[in-house]
Each structure stands twice: as structure tokens, then as C-alpha cells.
Protein chains: 2
Amino acid sequence: MQTAAPGTTRIGWIGTGVMGRSMCGHLLAKGYHATIYSRTREKAEDLIAKGAAWAASPREVAAQSDVVFSIVGFPADVREVLLGHHGALAGAAPGTVLVDMTTSEPSLAVEIETAAKAKGVHSLDAPVSGGDIGARNAALSIMVGGDTAVVDSVRPLLECMGKSIVHQGPSGSGHHTKMVNQILIAGNMVGVCEALLYGFRAGLDVEKVLQSVGGGAAGSWSLNNLGPRIIKGDFEPGFYVEHFIKDMGIALAEAKQMGLVVPGLALTHQLYLAVQAQGMGRKGTQSLILALEHIAGIKR
Amino acid sequence: MQTAAPGTTRIGWIGTGVMGRSMCGHLLAKGYHATIYSRTREKAEDLIAKGAAWAASPREVAAQSDVVFSIVGFPADVREVLLGHHGALAGAAPGTVLVDMTTSEPSLAVEIETAAKAKGVHSLDAPVSGGDIGARNAALSIMVGGDTAVVDSVRPLLECMGKSIVHQGPSGSGHHTKMVNQILIAGNMVGVCEALLYGFRAGLDVEKVLQSVGGGAAGSWSLNNLGPRIIKGDFEPGFYVEHFIKDMGIALAEAKQMGLVVPGLALTHQLYLAVQAQGMGRKGTQSLILALEHIAGIKR
């Protein structure tokens, strides 16, 4: 397969939310030509101003592209923009590569691959971690599933967006790896929020507590990045509660299918449903501490 | 109060287990004279060979000392060696400082302080994190509760054992801070073990997965230090399951008293009781993954 390069490889981009806009922007900045589609056109204006061409559907995007990236909300959206009547696969010529960067279902990635191969089209799952800041700084961790030759052909594109690109295995492995990532975060967020709540209630100076505990065996990215936000009372989203709930739902379904028992993940999922029920679905995941306060009848 | 110094300050040490032996050894190495006591004398031979004097009880230790350290197993042991008939307080002259470094109950620290003050004796709670390696390398994080003047007077001694010494507040604050530390670890260990188990079951190359997830938002000390041990099948103790269960029990009792709801901690405590019930109380905390496998009927 030919390795992607500016001038020869035509890019397609589906989904220009906070993440997609930054990521596609990096490809434009490297000189790639891009055709884009988004459910809400206003969210694409930025990229159009930078030279991207607009298309009326994912299908039309694919008709103009050699490599089509998608990063949308939920697995149902992935299904629609890739496999739907106006989806990318319907417009893709043989040899096209579909790269879904949404955090989605491993089994859907396998289904997409099967449908794609029947048309001579390639597909990869390549979800990311690193959030909006990682996307903006081209510092994402990209976890890739699919055939090695296909991964290699698009690696130069992925390297425009991320600083860690690891091919994890066959189709679905990218999503599975992202699930590992989310299960790790789930357990840790419960620990972080319960621990800080304990600290507040015990009357400790929690900033001083972080000096004692942040650098040792209790230390973590979540503690050291979200802990200070919690202390300041900043619950704005780095990562949306409702997206985290979606991800944990996928992980729970996959775990069930694999015959795993994951009581910690199940509890965390339930607690985040409480956060959402309390109206904080569009707040950051650190809002879990507010839900725990609410459960215990604690008023701020 | 006078600041501790070798030659003038006589040290007492109660409890020469893995932690205490290293910690007391650092004081001897700095030229302090030490009188020591341990339930099992053989565990003190090392220190005696290095010049420490043996005493027949905590009471006799205190009678020979200006500053008495204790690091024993459970809160009941702390009560016995400090407040019991043959305990340190019974032998302590006015002006003596008792420093309990066991991970123990905040309320017990307050009780010790009250009993000590009635005799003109000072007391501090100063539990540590960093494990046997931190103790050996004098790199512990020491979380101190008690009066400022008392903390300042023994700071040179604490600096012989740790690299982070933070005065967290009045008596009990050291233990409360350690509870924050343990609640953080509890949540995170569930995440680490469930996530790695998911990775194994999904057929991923888990070492490769760590490359993708270890440095980002899912990263933590536990993942990056215990993850590789789990992958290698190494369940030897860095930190004993049974000690972790003790610590979580203290945190749960304190949380209940403060009117907190800590479902994640409660679940983790239960899961570790399962680990212990399966005969792994003297294994390392990473053994949780074995209990999860057992629960799901997975055979290695």
C-alpha cells in the first residue's frame, strides 16, 4: 500500500467537534487537502476558512478521498456515518481507507471491517486519549486496530495528530485498548473523589494533603490534574460525564460478553449515572465529587 | 522546645519490622543513640549490632529516651505500646516526645495526645508512605499531625527518614492524610486490576497497551509500578493485603463517623476481604486481579 503524503493523498474528515476540528486542522496545516462533513455545518466553518472543501454527506466525503477519518459521538453515529445509506462506505472507491477515531465498540469495528473488505475498502479503529488539549497540541495517544499494512500506510497522517501511535492488534484492538484506558480512569476517579471528600470532611488543608500524597504510591494523572480543579471548585469539562458514561457502557457490555466480573466498573458507571441524573452530564468527570456530596446530604 | 540533634537527643524505637528497622537504622547512621524494643527480639538484632541498646519493654525504652518512635501493626498494638501498663507513656519523663508512625486511627492519636499532655509529655502522629523501598532509601513521605513546636523539634529526625515531611495539622491529621492516601490507592487498584484483566481477556498484548495508556490520563504510580509485576505474574508483597484491609477498615469507620458515603472504598474493602479469604493476605495488593479471576471462574 502507498504511504500517505501531502499532495498525493486526499483526506476526508467526518465530525468536526472539539476534537475533530483540532485534529483535521493539523492535517490541513501539513498541506493535506481535506473534504469535510459535520452534522452541524457551523462547526466546520473554521476548517473551511483554512481551505477544506465542504461535502453534503459522509458518502460524498468518501467519494473525494483516499483516507476518511471519522470522530463522532456514539456508536450509533459511527454506524450511520460509515455504514448508512449516505455513509462513507457507500461512496468509497476500492483501496480507500476508513479510520474511525471515535471511542466505539470493538465489535462494530469488526463489522465495519467485514463490510469494507467486501468492497475492497480498508478500515482501522483508532480511538485517542489526551482530550481537547492533546488534540490541540497534536499530543494524542492513538491506539490502533487493523491490518499492519493499512496502519503503516496512514501512519504519517496519525503522526500529525498524536505523539504516541501504537498498533495494538487486529480490528477492534484499538477500541479494546481505549476500554482498558477508561476502566483505569473509572476506578481512579472514584478513589480521587472519595479521597478528596474525606479530606475536606476531616478538616484537612487539602492542598497540603496533595503535597504529601501526590508524588507517591497514591499519585496519578487524575489526582494531579483534576484534584486542583476540584479544590478550586472548577467543574468545567475536560471530559464530559455523558461521554464517560457511554464509554463505560461499552466496556461493561464487552466485559459481560467476555465473561468478566468488573464490580468496580459497574459501581462507577452507576455513580456517574447519578451525576448525570443530577444534571451534570455536560460537566467534567470531576463532578463525581458533587454527586457523592449530594448522596451524603452535604451542602456546599 | 529544643531541636533534636545527635549527641544530645536520645532516641527510643518501638517496632523493628521491615519498615522500622530501616528507619531506625538511618538515625543510628546519623550518630543518634537509640534504645529499642520489639515484640520479636530477633528482628532487632541488626540494629543492636549497629549499636542500639535493647530494652525489655516500651516503658523502659521511654525511660531512656527524649523522643520515642513507634511503628507497629494495628491500632490495638499502638494502644498497648504507648498507653498500656508497660507502655511508653508510663515510662516517659515530662518533655518527652512520642511519635507514632504506624498507620492508625486519628481518634486514637487524639486520645494519646490527651493522655500524654496530662503527664507533660508531647505526642505526634506521623504515618508514612513509600513502603519498604522508601524506608530503605530514606525517601518516605511523612504526614505529621500535632503541635507545630513539637513537629519542629523532631523535624531533623524525620528528615533522616523521609524526603517529604509535611505538617498537616493538629493531632490525628497525619493519620487522616494517610487515609486520603489509602482511599486513593483503593479506587485506583480496582481500576488497575479490572483494566488489566479486561486487556488479557480481550487478547491484547498488555505490555503494548501500557505503552498507549501509561503516560496519559489513565496513568498512575500503581499502574506503572504494579502493572508490570502483574503481567510478569509477580504477586510478592510491596504492600501486604492484610495491612491494606486494616487501613481501609480505619478509613471506613472514620468516614462513617463523618457522615460520608464512600461506596467505592466499601466495595474495594469487600474485594480485598475476598483476596484474603482466598489465602492471599500476605501477598501484595496487586493480588486483587487473582481474586477477580477467581470470582469470574477464570483459570490461569
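A few comments on the model shown:
- Residue in segment B:75-89 that is under 17 Å from B:Trp13 (Cα atoms), modelled with pLDDT of 95 or more and part of a strand (DSSP E or B) present: no
- Set B:Asp132, B:Asp152, B:Asp125: member being modelled with pLDDT under 95 and not assigned by TED's automatic domain parsing to the domain that holds B:Gln278: B:Asp132
- Residues of segment B:1-38 that are out of contact with any helix residue (DSSP H, G or I) (no Cβ under 8 Å at 6 or more places or on another chain), assigned to a loop (DSSP other than H, G, I, E, B) and open to solvent by 70 Å² or more (accessible area, probe 1.4 Å): B:Gly7, B:Thr8, B:Lys30.
- Of residues in segment A:286-299 being touching a residue at least 40 places away in the same chain (Cβ under 8 Å), out of contact with any Leu (no Cβ under 7 Å at 6 or more places or on another chain) and not hydroxyl-bearing (Ser, Thr, Tyr), the one surrounded by the most Cβ atoms within 10 Å (Cβ to Cβ): A:Leu290
- Restricting segment A:159-185 to residues that are out of contact with any Leu (no Cβ under 8 Å at 6 or more places or on another chain) and without any contact (Cβ under 8 Å) to a residue 40 or more places away in the chain leaves a set whose member that is nearest to A:Pro106 (Cα to Cα) is A:Pro170.
- Within segment B:211-231, tally of residues that are outside any loop (DSSP other than H, G, I, E, B), under 17 Å from A:Ser129 (Cα atoms) and touching a helix residue (DSSP H, G or I) at 6+ places or on another chain (Cβ under 6 Å): 4
- Of the residues making up segment B:211-234, those that are of a type outside the set (S, T, N, Q), within 17 Å of A:Ser164 (Cβ to Cβ) and open to solvent by less than 30 Å² (accessible area, probe 1.4 Å) number 8.
- Here B:Arg136 clears all of (1) in contact with a helix residue (DSSP H, G or I) (Cβ under 8 Å, 6 or more places away or on another chain); (2) at the interface with chain A (Cβ under 10 Å from one of its Cβ atoms); (3) among the charged types (D, E, K, R) except the condition numbered (2).
- Residues being in contact (Cβ under 8 Å) with a residue 40 or more places away in the chain and farther than 23 Å from B:Val78 by Cβ - total across segment B:30-55: 1
Residue by residue, here is whether (1) touching a residue at least 24 places away in the same chain (Cβ under 8 Å); (2) touching a Phe, Trp or Tyr at 6+ places or on another chain (Cβ under 9 Å) holds:
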site: A:Pro228; (1), (2): no, no
site: A:Glu236; (1), (2): yes, no
site: A:Ile245; (1), (2): yes, yes
site: A:Lys256; (1), (2): no, no
site: A:Ala266; (1), (2): no, no
site: A:Ala274; (1), (2): no, no
site: A:Ala277; (1), (2): no, no
site: A:Met280; (1), (2): yes, yes
site: A:Gly284; (1), (2): yes, yes
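- Residue match in segment A:224-235 (condition: touching a strand residue (DSSP E or B) at 6+ places or on another chain (Cβ under 6 Å) and not assigned by TED's automatic domain parsing to the domain that holds A:Pro75): yes
- Considering B:Leu184, B:Leu204, B:Leu197, the condition of being open to solvent by 10 Å² or more (accessible area, probe 1.4 Å), facing chain A (nearest Cβ under 7 Å) and modelled with pLDDT of 95 or more is satisfied by B:Leu204 alone.
- Residue match in segment A:259-278 (condition: surrounded by fewer than 18 Cβ atoms within 10 Å (Cβ to Cβ), away from every other protein chain (no Cβ under 13 Å) and not in a helix (DSSP H, G or I)): yes
- Here B:Ser164 fits the description: modelled with pLDDT of 95 or more, out of contact with any Lys or Arg (no Cβ under 7 Å at 6 or more places or on another chain), surrounded by fewer than 24 Cβ atoms within 10 Å (Cβ to Cβ) and within 8 Å of chain A (Cβ to nearest Cβ).
- Going through (1) among the hydrophobic types (A, V, I, L, M, F, W, C); (2) farther than 17 Å from A:Leu271 by Cα; (3) within 9 Å of chain B (Cβ to nearest Cβ) one by one, A:Val192 falls short only on (2).
- Residues that are within 21 Å of the chain's Cα centre (by Cα) and farther than 15 Å from A:Val154 by Cβ, drawn from segment A:113-129: A:Ser129
- Residue list for segment B:114-133, filter: more than 17 Å from B:Val67 (Cα to Cα), surrounded by fewer than 22 Cβ atoms within 10 Å (Cβ to Cβ) and among the hydrophobic types (A, V, I, L, M, F, W, C): B:Ala118, B:Ile133
- Odd one out for B:Arg136, checked against (1) closer than 18 Å to A:Gln211 by Cα; (2) surrounded by fewer than 24 Cβ atoms within 10 Å (Cβ to Cβ): (1)
- Reported count of residues in segment A:59-81, each being open to solvent by less than 10 Å² (accessible area, probe 1.4 Å), touching a residue at least 40 places away in the same chain (Cβ under 8 Å) and out of contact with any Lys or Arg (no Cβ under 9 Å at 6 or more places or on another chain), is 5.
- The residues on offer are A:Leu252, A:Leu260, A:Leu290, and the sole one that is modelled with pLDDT of 95 or more and closer than 18 Å to A:Cys193 by Cα is A:Leu290.
The values are calculated or read from the model by the stated rules, or taken from the named source; none is laboratory data. Only a predicted model underlies this, so the values are computations on that prediction, with no experimental measurement involved. Every residue, glycine among them, receives a Cβ derived from its backbone with ideal geometry; neighbour counts consider all protein chains shown. Just the protein is used for accessible areas: all its heavy atoms, side chains included, with ligands, DNA and RNA removed. Shrake-Rupley method; radii C 1.70, N 1.55, O 1.52, S 1.80 Å.
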